[in-house]
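Enquirer: Before anything else, here's the structure in question.
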Amino acid sequence: MLEWIRGLGRSGFSFFQTLGRSNLFLLKMLAGIPSVLVRPRLLIAQLFSVGVLSLPIIVVSGAFVGMVLALQGYNTLVDFGAEESLGVVVALSIVRELGPVVTGLLFAGRAGSALTAEIGLMKATEQLAGMEMMAVDPIHRVIAPRFIAGFISMPLLAAIFSAVGIYGGYFVGVGLLGVDEGAYWAQMQSKVDLYDDVYNGVIKSVVFGFVATWIAVFEGYDTVPTSEGVSRSTTRTVVYSAFAVLGLDFVLTALMFGD
Amino acid sequence: MQSSTEKTAINGSETLVKIRGLHYARGDRVIFDGVDLDIPRGKLTAIMGPSGSGKTTLLRLIGGQLAPDQGSIEVDGLRVHELGRTDLYGLRRRIGMLFQSGALLTDLTVFDNVAFPLREHTDLPEAMIRDLVLMKLQAVGLRGARDLQPSELSGGMARRVALARAIALDPMMIMYDEPFTGQDPISMGVLVQLIRLLNDALGLTSIIVSHDVKETAAISDYVYVISEGKVIGQGTPEALGKTDSDLVNQFMQGLPDGPVPFHYPAPDYMEDLLNA
């Protein structure tokens with residue numbers, strides 16, 4: 001029993017230590033942002049590997065999610081003769097919810113895990129220590145550009161996901177199931193609000209991008225520099241990011257649409 | 001980049017690195033328990049000791065990547081662990097370090113790796129950087145390998161590239177972390193010769209941390225032997241070869257048994273077998 005309580009205390013301590021370290025790390029990283037902005041080449045390289053290389057998985061997933069939504073939505077709506085509203089159903093589900101959340105989860109799996117593994121391996125092969133000894137701060141040179149790239153990429157990827165999803169819904173709804181094309185777009189136009197729906201979705205994707213990238217770069221930087229340590233950190237990045245995205249989604253949804 | 005006048009002593013002392021009463025522990029494990037060391041300027045000093053005796057930790061303490069629990073570490077008259085970030089980074093620009101793995105940046109070519117410190121710390125035009133990089137690569141014999149990726153290099157070549165990078169900013173001192181580990185006889189010979197040659201030709205001060213006794217002793221001016229947190233022997237390689245200390249003798253001669261026993265502590269052999 002005593003051992004159990006001791007273990008609980010130890011893991012509590014270690015949790016708060018990690019939390020403290022990650023916050024200090026965030027402050028250092030934010031302080032490194034100006035040094036990245038004066039060297040845009042570092043940022044552009046990372047935007048390519050974090051953002052552009054994530055495009056295929058985002059586009060393909062967006063298309064399928066939109067198509068499935070249209071299929072499911074049509075089957076329900078047609079019972080009430082309301083299949084004209086299919087455009088609204090697809091657009092609202094994607095813009096408010098699925099766009100930011102699914103992009104957040106995919107982003108953590110594709111880009112987040114790659115960031116953690118890359119930074120973790122740089123630590124394991126002494127590249128980060130080598131930079132420190134060359135009087136180059138790795139947080140400014142390596143971490144900050146990756147963090148900004150993730151922060152910028154995620155909302156853009158979520159927007160692309162949403163746009164492709166809506167076209168996926170259009171393809172199935174209008175193209176295959178025969179929903180009226182005018183109704184699909186017109187109802188969407190009248191019912192989807194720029195502020196309540198689109199902007200709130202954008203805010204969600206910005207928050208998810210911030211948190212998922214922060215977790216990814218911190219886990220990489222804080223890794224135990226062995227092959228086992230890097231593999232554990234990579235797993236943790238995906239798991240923690242998924243929890244963070246889903247948990248924050250609930251909190252943000254409650255704040256935005258709760259009343 | 002540092003001019004040669006800046007590189008000379010702030011205090012004109014003959015000692016470049018002065019360590020006094022160094023205590024350092026990691027968790028419950030004491031790594032240094034009162035170590036005093038002097039690294040003379042312009043010489044090649046070796047720090048030897050069994051694996052796990054904290055040799056690499058010592059280099060990290062000198063480079064300011066770790067801070068001592070007690071005691072002081074002075075490099076060129078500056079107390080490393082009391083320096084602010086700007087001063088510490090200023091000092092590090094004058095120190096080159098060769099990591100055991102080479103620590104080359106894997107996403108850059110050999111040329112860009114050597115150019116890295118120059119591009120980070122100077123505003124030199126690209127044409128001049130090219131000349132400097134080729135000169136450094138020529139010094140380590142790898143001018144022809146400039147376009148290779150680090151993954152295409154052998155272990156010995158990677159270390160030579162790292163050495164070219166370490167001398168890119170014309171440092172006052174280079175620290176070598178186990179430079180000979182895992183090298184075949186040819187690359188070992190090349191490295192041994194290069195380290196001595198660069199030290200003398202560039203007027204550097206070198207610290208080699210190693211447990212390759214023969215190779216290291218062959219090129220060092222002075223040797224410290226560290227074990228169990230203390231300096232157990234010091235002197236010129238010749239003097240250490242004739243030491244009275246059993247422990248130093250065991251280490252220098254590579255004897256399997258002695259003060260450091262062959263057997264890990266265990267219960268009585270006979271009892272252990274019979275209890276099965």
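The values are calculated or read from the model by the stated rules, or taken from the named source; none is laboratory data. The structure presented is a predicted model; accordingly, all values stated were derived computationally and were not measured. A quick note on method: Cβ atoms are made from the backbone with ideal geometry, for glycine too, and the neighbour counts reach across all protein chains shown. Side chains included, ligands, DNA and RNA excluded: accessible areas come from the protein's heavy atoms. Shrake-Rupley method; radii C 1.70, N 1.55, O 1.52, S 1.80 Å.
Enquirer: Between residue A:27 and residue B:69, how high is the FRET efficiency from 1/(1 + (r/R0)^6) when r is the Cβ-Cβ distance and R₀ = 22 Å? Nearest 0.05.
Expert: 0.25
Enquirer: From other protein chains only, count the Cβ atoms within 10 Å of every residue's Cβ in A:123-129, then give the mean.
Expert: 5
Enquirer: Additional query: Within 10 Å of each Cβ of B:100-108, how many other protein chain Cβ atoms are there on average?
Expert: Going residue by residue through B:100-108 and averaging, the value is 5.
Enquirer: Tell me what chain B gives for mean residue ellipticity at 222 nm when only DSSP H runs of n ≥ 4 count, each as -39,500 (n - 2.57), the sum divided by the residue total, rounded to 500 deg cm²/dmol.
Expert: When only DSSP H runs of four or more count, the value is -10500 deg cm²/dmol.
Enquirer: What relative contact order, as a whole-number percentage, does segment B:150-212 give when Cα pairs under 8 Å and 6 or more residues apart are counted?
Expert: RCO, segment B:150-212: 42 percent.
Enquirer: With the crude spin-label approximation of a point 7 Å out along Cα→Cβ, what separation in nm comes out for residue B:275 versus residue B:51?
Expert: Computed distance between label sites residue B:275 and residue B:51 equals 2.8 nm.
Enquirer: Put simply, what bits of segment B:47-92 lose 40 Å² or more of accessible area when the other protein chains are there, versus the chain on its own (1.4 Å probe)?
Expert: B:65, B:85, B:89, B:92
Enquirer: Compute from the Cα atoms of chain A the Rg and the Dmax, the latter being the longest Cα-Cα distance, and quote both in angstrom.
Expert: Gyration radius and largest Cα-Cα distance of chain A: 21.4, 70 Å.
Enquirer: Between residue B:36 and residue B:255, what FRET efficiency comes out of the Förster formula 1/(1 + (r/R0)^6) with R0 = 35 Å and r the beta carbon distance, rounded to 0.05?
Expert: 0.85
Enquirer: I've got another one for you. Relative contact order (percent) for chain B, with alpha-carbon contacts under 8 angstrom and 6 or more residues of separation?
Expert: For chain B, the relative contact order is 24 percent.
Enquirer: Let me ask another. Who wins for biggest fluctuation among B:148, B:78, B:88 in a Gaussian network model of chain B, springs between alpha carbons below 10 Å?
Expert: B:148
Enquirer: What does the helix-only formula give at 222 nm for chain A: each DSSP H stretch with n ≥ 4 adding -39500 (n - 2.57), the total divided by the residues, and the result rounded to the nearest 500 deg cm²/dmol?
Expert: Calculated mean residue ellipticity at 222 nm is -24500 deg cm²/dmol.
Enquirer: How far is helix A:113-124 tilted, in degrees, relative to the longest principal axis of the Cα atoms in chain A, given as a value from 0 to 90 rounded to the nearest 10?
Expert: The answer is roughly 10 degrees.
Enquirer: Hey, what angle do you get for helix B:126-139 against the long axis of chain B, alpha-carbon based, 0 to 90 degrees rounded to 10?
Expert: The two axes meet at around 40 degrees.
Enquirer: Counting only protein heavy atoms and using a 1.4 Å probe, what share of the accessible area of segment B:133-219 belongs to carbon plus sulfur, as a whole percent?
Expert: The value for segment B:133-219 is 56 percent carbon and sulfur by accessible area.
Enquirer: Translational D (Stokes-Einstein, µm²/s) of the protein assembly as shown at 10 °C and 1.306 mPa s when Rh comes from the Kirkwood sum over C-alpha pairs?
Expert: Translational D for this selection: 59 µm²/s.
Enquirer: Please compute the length gained on full extension between residue B:202 and residue B:228, using 0.36 nm multiplied by the number of residues separating them and subtracting their Cα-Cα distance.
Expert: The span from residue B:202 to residue B:228 would gain 5.9 nm if fully extended.
Enquirer: Looking at chain B only, what percent of DSSP beta bridges run antiparallel? Nearest 5 please.
Expert: Restricted to chain B, the bridges split so that about 55 percent are antiparallel.
Enquirer: For an R0 of 60 angstrom, estimate the FRET efficiency from the Cβ-Cβ distance between residue A:38 and residue B:186 and round to the nearest 0.05.
Expert: 0.85
Enquirer: Something else: Expressed as an acute angle from 0 to 90° and rounded to the nearest 10, what is the orientation of the C-alpha long axis of helix A:200-221 relative to the principal long axis of chain A?
Expert: Long axis of A:200-221 versus the principal axis of chain A: about 30 degrees.
Enquirer: Extending each Cα 7 Å along its Cβ direction at residue A:256 and residue B:106, get the distance between those two points in nm, one decimal.
Expert: In this crude label model, residue A:256 to residue B:106 measures out at 3.8 nm.
Enquirer: Tell me, what is a quarter of the convex hull surface for the C-alpha atoms of segment A:1-144, in nm² with one decimal?
Expert: 14.8 nm²
Enquirer: Another one. Each label point is 7 Å from the Cα along the Cα-to-Cβ direction; what then is the distance between the points at residue B:130 and residue A:14, in nm?
Expert: Label-label distance for residue B:130 and residue A:14, simple model: 5.3 nm.
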